[in-house]
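The values are calculated or read from the model by the stated rules, or taken from the named source; none is laboratory data. The structure displayed is predicted, hence computed values, not measured ones. Positions of Cβ are backbone-derived with ideal geometry, glycine not excepted, and every protein chain shown enters the neighbour counts.
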Ligand SMILES: [Fe+2]
């Protein structure tokens, strides 16, 4: 991981979350289980994972259990396609990331736009929120932070840029903004259930509270006194769990079936996700809900080199490669040719995976991804633009912010209604009332004693109140049996 400037979030480290080690001050007073602060989370990423141990022999047995001879052919096919895909990304750069206007979403995206979104797994939505409204949210957050500066926490502690703020009025207004809601309903509609009895309503969005960043340019910060870490390439949602957890592994059934079956892999099938355990080892910084899309809404004009998000804009192919990679080793250190890679089921290592850590990727662990060519920065965004990336997408954060203005976002992911997500929503609602951080985040008193905190009363729309679990959900037309059941159960639980 490079050591320069930046950002963090849970489950995603470009957005942030924590669950982990050590009991922050205040945990006892709130009676909640200890979770990591943003400082602890960043420290754990900076220290090259003190918790990581070499993988025990049983992981070799796991490889043998999963292995099928037909995967040799799959591997060859994936490597061949990956070569062309990386070349295309290298040639197009940030332009390959689909950018649509909010009015496109209102009208319905074209076939080409939809295809680009499904293929890349990332999207920029421009113009849904008026620029002045988004800048107003930022001003209000800055006033809120200033009014409560004696109680405020964040990173770095002496000049906060990643704020431990979850319950400001601006965040509530941003999360429940009609354009954000409509965008998220659209994005969740790209998912499907392979079993209509799956307990999930994809057309019922629920809110997952997260932090925000207001990152100052490197030139304006006191370099040397603090350093926010640039986040190297990773995927949110666990690491070894992708193979070790039977439920999670079902998501890659087609990839692991052998031969050409991998071409039927659908990263938008929600059914297997509902049984996936992404956190077998109580790792820090894990998002514990099913989050279909990680996302943020911009509060600044920010482009490449200004501390922004970077992504590998290829979803299915990169995922297939990452899932197959642990079963092979190179016989010629620098060669990417399929002939120079052989099956290796004896080595218990899963490259880039570490117990209790996020799945990491580098040129050493995943050379065929050619990360120097395949990871590109999000193009320039304006205040109010939204960015979303699929939960399996490889992403990173620029280490440097060479721009002149602040690089600022509120993390607002998309999540559908599921049994697990409504349990979380119930706890998150309770914490909102008290001003505590949401359940996946530090277990201290948070904003409980802050002046001018956001409250449910700030949310005036019925749709917004439903998103926060404050008003009963409605069964939409065409709901599957599973969706009807989960909505009924959610309403019983919450009201
Ligand atoms: Fe992340």
*asked:* Can you report the number of residues in segment 94-113 which are touching a residue at least 24 places away in the same chain (Cβ under 8 Å), assigned to a helix (DSSP H, G or I) and surrounded by 14 or more Cβ atoms within 10 Å (Cβ to Cβ)?
replied: 4
*Just to be sure, is residue 488 at negative phi, crowded, with 16+ Cβ neighbours inside 10 Å and over 20 Å from the mean Cα position of the chain (by Cα)?*
no
*Please report, ordered by residue number, the helices (runs of 4 or more DSSP H) entirely within segment 165-282 with at least 1 residues that are under 30 Å from residue 434 (Cβ atoms).*
169-175, 178-189
*Could you please let me know if residue 364 is without any contact (Cβ under 8 Å) to a residue 24 or more places away in the chain and either more than 16 Å from the ligand (Cβ to nearest atom) or under 29 Å from residue 387 (Cα atoms) (or both)?*
yes
*State yes or no: is residue 232 surrounded by fewer than 23 Cβ atoms within 10 Å (Cβ to Cβ), in contact (Cβ under 8 Å) with a residue 12 or more places away in the chain and within 16 Å of the ligand (Cβ to nearest atom)?*
yes
*Which residues, taken from segment 142-161, are without any contact (Cβ under 8 Å) to a residue 12 or more places away in the chain and within 17 Å of residue 445 (Cβ to Cβ)?*
149, 150
*If you scan segment 456-475, which residues turn out to be touching a helix residue (DSSP H, G or I) at 6+ places or on another chain (Cβ under 8 Å) and part of a loop (DSSP other than H, G, I, E, B)?*
459, 461, 468, 469, 470, 471, 472, 473, 474, 475
*Matching residues, segment 476-495, being in contact (Cβ under 8 Å) with a residue 40 or more places away in the chain and either within 30 Å of residue 163 (Cα to Cα) or not in a helix (DSSP H, G or I) (or both)*: 476, 479, 480, 494
*Looking at segment 306-334, which of the residues that are surrounded by fewer than 16 Cβ atoms within 10 Å (Cβ to Cβ) and modelled with pLDDT under 95 is nearest to residue 372 (Cα to Cα)?*
334
*asked:* Taking the condition of being under 20 Å from residue 114 (Cβ atoms) and touching a residue at least 12 places away in the same chain (Cβ under 8 Å), how many residues in segment 264-301 meet it?
replied: 10
*Can you run down the residue pairs with Cβ atoms below 8 Å, 6 or more apart or on separate chains, where the first is in segment 347-359 and farther than 10 Å from residue 55 by Cα and away from the ligand (no atom under 16 Å from the Cβ) and the partner is modelled with pLDDT of 90 or more and outside any strand (DSSP E or B)?*
351/325; 351/326; 351/364; 351/365; 351/366
*Residues 364, 385: which one is farther than 15 Å from residue 238 by Cβ and more than 21 Å from the chain's Cα centre (by Cα)?*
364
*Does segment 424-444 hold any residues that are modelled with pLDDT of 95 or more and in a loop (DSSP other than H, G, I, E, B), and which are they?*
435, 436, 437, 438
_Considering residues of segment 204-220 that are surrounded by fewer than 23 Cβ atoms within 10 Å (Cβ to Cβ) and out of contact with any strand residue (DSSP E or B) (no Cβ under 8 Å at 6 or more places or on another chain) only, the residue modelled with the lowest pLDDT_ = 220
*For residues that are in a loop (DSSP other than H, G, I, E, B) and either away from the ligand (no atom under 15 Å from the Cβ) or under 22 Å from residue 96 (Cα atoms) (or both), tally how many sit in segment 395-412.*
8
*Residue, nearest to residue 286 (Cα to Cα), within segment 413-442, restricted to residues that are out of contact with any helix residue (DSSP H, G or I) (no Cβ under 7 Å at 6 or more places or on another chain) and within 16 Å of the ligand (Cβ to nearest atom)*: 440
_Quick check on segment 387-394. Is at least one of its residues within 16 Å of the ligand (Cβ to nearest atom), more than 24 Å from residue 98 (Cα to Cα) and crowded, with 22+ Cβ neighbours inside 10 Å?_
no
